[in-house]
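A.B. asks: Got a structure for you, questions after.
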């Protein structure tokens, strides 16, 4: 059960600024003109559709933690168009605190930057 519920007002620019403030991050549109991709060390850690409303993004996640997050928060879903064991889709709307969104982005960035192989 959640201890605190906050309304989240994260827009695409907030998300972009947060990601670009991290060390060694690059942004690009490698798939199409609507999917903004953030990479560290040449590897994707976050994808976001720039025209999605509400903002929704995919982040990498430890498989056990991914299951826990999905069970705890209705705005965390299996990764859309991604390996659902290792990726979550996060819908940044009511109930999603900015702090939790940042924690999920940080976790994805840290996993990818460290180059950790996902658990099988």
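No lab work stands behind these numbers, since they all come straight from the coordinates. Only a predicted model underlies this, so the values are computations on that prediction, with no experimental measurement involved. Cβ coordinates were reconstructed from backbone atoms using ideal geometry, including for glycine residues, and neighbour counts include every protein chain displayed.
A.B. asks: Rank these for me by crowding, 39, 60, 84, going from fewest to most other beta carbons within 10 Å.
C.D. replies: 84, 39, 60
A.B. asks: Something else now. Using alpha-carbon pairs under 8 Å, 6+ residues apart, how would you state the relative contact order of the chain in percent?
C.D. replies: Relative contact order comes out at 28 percent.
A.B. asks: Specify which labelled value, from [x] 30.4, 97; [y] 20.9, 60; [z] 13.4, 39, agrees with Rg and Dmax of the Cα atoms in Å derived from the coordinates of the model shown.
C.D. replies: Computed from these coordinates, Rg and Dmax of the Cα atoms in Å corresponds to label [z].
A.B. asks: Then there is this: With the crude spin-label approximation of a point 7 Å out along Cα→Cβ, what separation in nm comes out for residue 17 versus residue 71?
C.D. replies: 3.7 nm
A.B. asks: So how do 80, 73 line up by other beta-carbon neighbours within 10 Å, fewest first?
C.D. replies: 80, 73
A.B. asks: Want the number for residue 24 to residue 114: 0.36 nm per residue separation, take away the alpha-carbon distance, what's left?
C.D. replies: Full extension from residue 24 to residue 114 adds 31.2 nm.
A.B. asks: Springs between alpha-carbon atoms under 10 Å, Gaussian network over the chain: tell me which of 30, 74, 54 tops the mean-square fluctuations.
C.D. replies: 30
A.B. asks: Please work out the Cα center distance from the range 50-96 to the range 15-36, rounded to the nearest Å.
C.D. replies: Spelled out, the Cα-based centre of one part sits 17 Å from the other.
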